[in-house]
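Asker: Can you keep this structure in mind? I'll have questions shortly.
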Amino acid sequence: MTKFLLKYSLVFVLVMFMGYGSFYYFLQSITQEIRLSPLTLFAFHTIFSLFLCVTLAKLRTTQKFAEQVGFIYLGSVFIKVVLFSVLFRNAFFSEIPFTNIETINLLIPLFLGLFFEVFFLSRLLGHFSKIKNE
């Protein structure tokens, strides 16, 4: 499990870093100013997703929470939205609407993080159900 978690974490950080680099390179060609830093957004989603995956992996090994990991993940998505809204409330609750570039700036790290969270959870649940059935 530790080897899988370490390999997953390394790949996830590399993909998020490459995603940030690509998006930052794209933003250099645009003269439009954006309210939220892409580095901050990528860092938030990377840190939260890694913390979540490590926590889910640890909970999966405990007897008490082993069967509820999927439901815990669903609750964590709500917590992620609330925490994100609290941390970035100045940009969200201003009267100025988001431009298309700002919307893309918000969605790219969100979808990358969600993809890797779901991928990790599916692998985690599949790995343990395979062990349980043997």
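The numbers here are math on the coordinates, done by the rules we state, and not lab data. Just so we're clear, the structure is a prediction, and the values are computed from it rather than from any experiment. A quick note on method: Cβ atoms are made from the backbone with ideal geometry, for glycine too, and the neighbour counts reach across all protein chains shown.
Asker: Determine whether residue 14 is part of a helix (DSSP H, G or I), more than 15 Å from the chain's Cα centre (by Cα) and either exposed (fewer than 12 other Cβ atoms within 10 Å of the Cβ) or of a type in the set (A, V, I, L, M, F, W, C) (or both).
Answerer: For residue 14, the condition - part of a helix (DSSP H, G or I), more than 15 Å from the chain's Cα centre (by Cα) and either exposed (fewer than 12 other Cβ atoms within 10 Å of the Cβ) or of a type in the set (A, V, I, L, M, F, W, C) (or both) - is not met.
Asker: List every residue pair whose Cβ atoms lie under 9 Å apart, where the two residues are 6 or more positions apart in sequence or sit on different chains, the first residue falls within region 1-17 and is in contact (Cβ under 8 Å) with a residue 12 or more places away in the chain and within 9 Å of residue 57 (Cβ to Cβ), and the second residue, located anywhere, is among the polar types (S, T, N, Q) and assigned to a helix (DSSP H, G or I).
Answerer: Note: pairs meeting the criteria are 1/61.
Asker: Within region 44-57, is even one residue touching a residue at least 12 places away in the same chain (Cβ under 8 Å) and among the aromatic types (Phe, Trp, Tyr)?
Answerer: Yes.
Asker: List every residue pair whose Cβ atoms sit under 6 Å apart, with the two residues 6 or more apart in sequence or on different chains, where the first one lies in region 80-92 and is over 17 Å from residue 105 (Cβ atoms) and the second, anywhere, is surrounded by 14 or more Cβ atoms within 10 Å (Cβ to Cβ).
Answerer: Going by the 6 Å Cβ cut-off, the qualifying pairs are 80/48.
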